[in-house]
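Reading through the structure tokens given below for one structure.
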Amino acid sequence: MEFPKDLKYTKEHEWVKVDGSIATVGITDYAQDSLGDVVYVELPQEGGSVTKNEPFGVVESVKAVSDLYSPVSGSVAEVNDAIIDSPEVINDDPYGDAWMIRVEVHSPNDLSDLLSAEEYQKYIEEEK
Amino acid sequence: MPVQYSGVIDEHLAVRGACGLFDVSHMGEVEVSGKGALKAVQRLMTNDIERVVDGQCQYTLLCYPDGGVVDDCIVYRFNSERFLFCVNASNTEKASEWIKANSSGALVEDLSPEYAQLALQGPKSVEVLRPLLDIDPSEIKHFHFVMGELSGSIEAIVSRTGYTGEDGFEIYLPVADAEAVWDALMDSGRQYGIKPIGLGARDTLRLEMGYPLYGHELSEEITPIEAGLKKYVRFGRGFIGEDVLQKQANEGVKKTLVGFKMKDPGIPRTGYEIYIGGKAAGKVTSGTLSPSLNAGIGMGFIDSALKGPEIEVMIRNRAAKAMTAKPPFYQSELQTKKAAV
């Protein structure tokens, strides 16, 4: 299982890639593996807003529904519509093609409590 | 039994396209034997075991006097003095006690700890089983069983039954032999692409067929008539619960079990509300994404006065359109064959 060092992570199993004021968000390798085959995704509209620690969408495997929690607050600059038609990409490439939304972050402070790859890995070891 | 091995969709498609092996040893087995066995069994069952011959099995419900379902099970008829009920894991204790309490004149034994059960399911099942069994498995007719020998010396009950809608077998064998037979079946099936199957695919496979699952479509509060299982109820025999079921069959029921397929995106799930023409009409009892159709399917109870075919399933406060449809949602090779006969 991979946890790229250049990403930040949350305890809700999302990853964040920060580039200036833009945060790209997806779910981690651990999350996709726990879910199993992802078959359905709901994402917010472009131009909408998301709130830190609040649900911004849903992923469903054959068996279960899971909320997606936003790691940051801000406005949705871009949505990856391709994964709505091909949700299996989330299993195949969680950190690459399966990014979910890009958020224009309002407050840089939002990023300060995100976990590093090491911290996240330690967290999921403890959670198991 | 784990939720999944290689993945629910992968396992599901293996059973539909080739073959899958399930360890369903959690299922319960209750034997009723002795001179009074036939009479006791007939009083317990909604179906009629006198309509089948020795060596045949039958799907039935067991009901309380109020028509609520104790359990749904398959009854194996060895002869008129020996029957074996295969009951749901979570109901084993309850069902075996119910059978005991209503079988005066017969001996009732819960043999669950002694039996392991493997289910071999899929169009390649006959080929996979053939090298292991002392009898040609293609000779076993649908819903019949034999006492066979596996791998030369292991005695087992082998029935042509299953919970997937595919051709296949359910094998009851001593617990101590289960691992060896599992390995032998996996070896025999390798050339056909056999896969081990978990609970997740067991559920999607049965849902595509519209088979009920106790705790979802059946319960102590639901009768077989409400669940649309009238063809497994044979009236005029004096079985437990008959009066209530007869009345429901004559006068109709307030709620009806329907199957449905989603038209809008979204996956129905247990507990989601169903609306018809803007009115609250009922609830989803089971739902999933159908791996064969790649669409949401489900079952649920609706108010009998409100008829589809178009219904709405409330998915996270969004009304998603669906059409009621009589299962099966997927036509297996086995069903195509049966329809042609």
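Kirkwood hydrodynamic radius (Cα pairs, Å) of chain A? List each step's numbers first, then the result.
On the way: mean 1/r = 0.0695 Å⁻¹.
Hydrodynamic radius (Kirkwood, Cα pairs) of chain A is 14.4 Å.
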- Task: Straight distance only, please: which lysines reach the Cα of A:Lys128 with their own Cα at less than 17 Å, same-chain residues fewer than 8 apart left out?
- Result: A:Lys11
- Task: Give the span of region A:69-119's Cα atoms along each principal axis, as three whole-Å numbers ordered largest to smallest.
- Result: 34, 29, 15
- Query: If one computes P(r) from the Cα atoms of chain B, what percent of pairs lie at distances over 40 Å?
  - Reply: 12 percent
- The simple spin-label model distance between B:Lys307 and B:His142, using points 7 Å out along Cα→Cβ, in nm, is 2.9 nm
- Note on the structure: region B:13-62 -> Rg/Rh from Cα coords, Kirkwood Rh, value 1.12
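Taking the Cα centre of chain B as the origin, how large is its charge dipole in debye, to the nearest 20, when only Lys and Arg (+1) and Asp and Glu (-1) carry charge on their Cβ atoms?
So the magnitude is around 1560 debye.
Quick one: dipole size for the protein assembly as shown, taken about the Cα centre, charges +1 on Lys/Arg Cβ and -1 on Asp/Glu Cβ, in debye to the nearest 20. Mind dumping the intermediate values first?
Details: 45 positive and 73 negative charges, 466 e Å.
The calculation lands at about 2240 debye.
Work out the length of the dipole vector of chain A about its Cα centre, built from +1 on the beta-carbon of each Lys and Arg and -1 on the beta-carbon of each Asp and Glu, and round it to the nearest 20 debye. List each step's numbers first, then the result.
On the way: 9 positive and 28 negative charges, 71 e Å.
Rounded to the nearest 20 debye, it is 340 debye.
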- Taking only DSSP H segments of four or more residues, each worth -39500 (n - 2.57), what value at 222 nm results for the protein assembly as shown once the sum is divided by all its residues, to the nearest 500 deg cm²/dmol? -6000 deg cm²/dmol
- region A:1-22 residues near the modelled A:Glu127 label - backbone nitrogen below 20 Å, point 7 Å along Cα→Cβ: A:1-18
- Once you average over the residues of A:93-100, how many Cβ atoms of partner chains fall within 10 Å of each Cβ? 0
- Take the eigenvalues of the Cα gyration tensor for region A:52-97, scale each by 5, and report the square roots as semi-axes in whole Å, largest first. 19, 15, 9
- Report the normalised scattering of region B:222-302 as log10 I(q)/I(0) at q = 0.26 Å⁻¹, calculated by the Debye formula with identical scatterers on the alpha carbons. -1.16
- Query: Across bins of 5 angstrom width beginning at 0, how are the C-alpha pair distances of region B:8-204 distributed, in whole percent?
  - Reply: 1, 8, 16, 20, 20, 15, 10, 6, 2, 0, 0
- Query: What's the center-to-center distance, using Cα atoms, between region B:26-63 and region A:8-86 in Å?
  - Reply: 52 Å
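Are there any trypsin sites (Lys or Arg not before Pro) in region B:225-330 that are in a DSSP loop and have at most 11 other Cβ atoms within 10 Å? List them by number. Present the calculation step by step, with values, prior to reporting the outcome.
Details: sites: B:Lys230, B:Lys231, B:Arg234, B:Arg237, B:Lys247, B:Lys254, B:Lys255, B:Lys261, B:Lys263, B:Arg269, B:Lys279, B:Lys283, B:Lys307, B:Arg316, B:Arg318, B:Lys321; in loops: B:Arg234, B:Arg237, B:Lys254, B:Lys263, B:Arg269, B:Lys307, B:Arg316.
Answer in residue order: B:Lys254.
Averaged over A:58-70, how many beta carbons belonging to a partner chain fall within 10 Å of each residue's beta carbon? Mind showing how you got there, number by number?
Details: counts 4, 0, 7, 7, 15, 12, 4, 4, 0, 1, 0, 0, 0.
Whole-number average of other-chain Cβ neighbours for A:58-70 is 4.
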- Task: With 22 Å as the limit, write out which pairs from B:Lys141/B:Lys195; A:Lys63/B:Lys337; B:Lys255/B:Lys279; B:Lys94/B:Lys141 have Cα-Cα distances beyond it, or answer none.
- Result: B:Lys141/B:Lys195; A:Lys63/B:Lys337; B:Lys94/B:Lys141
- Task: Give the residue from B:Asn79, B:Ala305, B:Ser219 lying farthest towards the positive end of the charge dipole for the protein assembly as shown; charges sit on Cβ (+1 for Lys and Arg, -1 for Asp and Glu) and the dipole is referred to the Cα centre.
- Result: B:Ala305
- Task: Please report the Cα spread of the protein assembly as shown along all three principal axes, rounded to whole Å, starting with the longest.
- Result: 83, 55, 42
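Can you give the FRET efficiency for B:Lys39 and B:Leu111, using 1/(1 + (r/R0)^6), R0 = 22 Å, r = Cβ-Cβ distance, to the nearest 0.05? Numbers along the way, then the final one.
Values: r = 21 Å, r/R0 = 0.95.
Given R0 = 22 Å and the Cβ-Cβ separation, E is 0.55.
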- Does region B:196-341 come out rounded, prolate or oblate, given a ≥ b ≥ c as the square roots of the eigenvalues of its C-alpha gyration tensor, rounded meaning a/c under 1.5 and, failing that, prolate meaning a/b above b/c? oblate
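Values in this text are rule-based calculations from the coordinates and carry no lab data. Since we're looking at a predicted model, the values are computed, not measured. Heads up, the Cβs are rebuilt from the backbone with ideal geometry, glycines too, and the neighbour counts pull from every protein chain shown.
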